[in-house]
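Structure first, commentary second.
The values are calculated or read from the model by the stated rules, or taken from the named source; none is laboratory data. Since the model is a prediction, treat every value here as computed from it, not as a measurement. With ideal geometry, Cβ positions are generated from the backbone for all residues, glycine too; neighbour counts draw on all protein chains shown. Surface accessibility is based on the protein's heavy atoms, side chains included, excluding ligands, DNA and RNA. Shrake-Rupley method; radii C 1.70, N 1.55, O 1.52, S 1.80 Å.
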Amino acid sequence: CLDLHWDMLREHKKQRKRQNGQWGLLQGDMRVLPFPAAWADVVTAGWAIGHFTNWYADRWQIQIGRALREMHRVARPGGVVIIIETLTTGSLTPAPPSEGLAQYYAWLENKWGFIRQEISTDFQFTSIDEAVAKTEFFFPKLAAVVREKGWARLPEWTGVWGKRIEA
């Protein structure tokens, strides 16, 4: 596991311990991966690269391109590169939640040759009150919609983009 931020790695360490996991944790930047070429069978990035569309506004393609080239570099021939991103929370149909993400997703598919799969990743709560309480932390405006619609099951969609690296 690689993350740029120590706080995320500390949390991951807690989760790894809960699962009796034994995988390594490294601090690093996905645009400069600390692994040799053709090292991994599978290279994944989960809910990470899409942030670059906000962080680098007009330069997101350059920055994301760096990360994608690194993912391709460390994947062995015949290996797989997988990117996981949001396709919205609080909607009954999957769609990019912003114009920037829509452009990024189209770019992954049209320029880089990734294939998208859409997965329903709904949150199931025991009650509407629990759904509202737990939704407010990340999505304050959505909590009102959850209450209004009476959702104990909050719809969410995740996109998984993948491609095999040619031999």
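Computed from Cα positions, the angle between helix 128-138 and the longest principal axis of the chain comes to roughly 40 degrees.
Accessible surface of SER98, taken over heavy atoms with a 1.4 Å probe and every protein chain present, rounds to 50 Å². The C-alpha atoms of the chain define a longest principal axis, and helix 140-149 lies at about 50 degrees to it. Relative to the longest principal axis of the Cα atoms of the chain, helix 60-74 runs at roughly 60 degrees.
Computed with the Debye formula from one identical point scatterer per Cα of the range 19-123, without solvent, the log10 of I(q)/I(0) at q = 0.12, 0.13, 0.20 Å⁻¹ comes to -0.46, -0.54, -1.15. Distances between placed amide hydrogens fall under 5 Å for PHE114 paired with GLU109, all partners being 5 or more residues away or on another chain. Each residue of the range 7-17 was assigned a 3J(HN,Hα) from its phi angle through the Karplus expression (A = 6.51, B = -1.76, C = 1.60, θ = phi - 60°), giving 4, 5, 5, 4, 5, 4, 4, 4, 5, 4, 5 Hz with x at Gly and Pro. In the range 80-154, inverting the average of 1/r over every pair of distinct C-alpha atoms gives 13.9 Å as the Kirkwood radius. About the centre of its Cα atoms, the chain shows a dipole size close to 500 debye [charges on the beta carbon of Lys, Arg (+1) and Asp, Glu (-1) only; nearest 20 debye]. DSSP beta bridges confined to the chain are antiparallel in about 65 percent of cases. Look at the dipole of the chain built from charges on Cβ: of PHE138, GLN103, ALA167, the Cα furthest out on the positive end belongs to ALA167. The helix-based estimate of mean residue ellipticity at 222 nm for the chain, built from -39,500 (n - 2.57) per DSSP H run of four or more residues and divided by its residue count, is -11500 deg cm²/dmol to the nearest 500. With a cut-off of 14 Å between beta carbons, the residues surrounding MET8 carry a summed charge of 0, where Lys and Arg count +1 and Asp and Glu -1. Sorting TYR105, TYR56 by solvent-accessible area of protein heavy atoms yields TYR56, TYR105, largest first, with a 1.4 Å probe. Under a 5 Å amide H cut-off, with hydrogens placed 1.01 Å from N, VAL80 pairs with VAL42, VAL43, ILE165 among residues at least 5 apart or on other chains. Within the assembled protein chains, the solvent-accessible surface assigned to ARG69 is about 130 Å², based on a 1.4 Å probe.
Counting only protein chain heavy atoms and rolling a 1.4 Å probe, the accessible areas of MET71, MET30 rank, largest first, as MET30, MET71.
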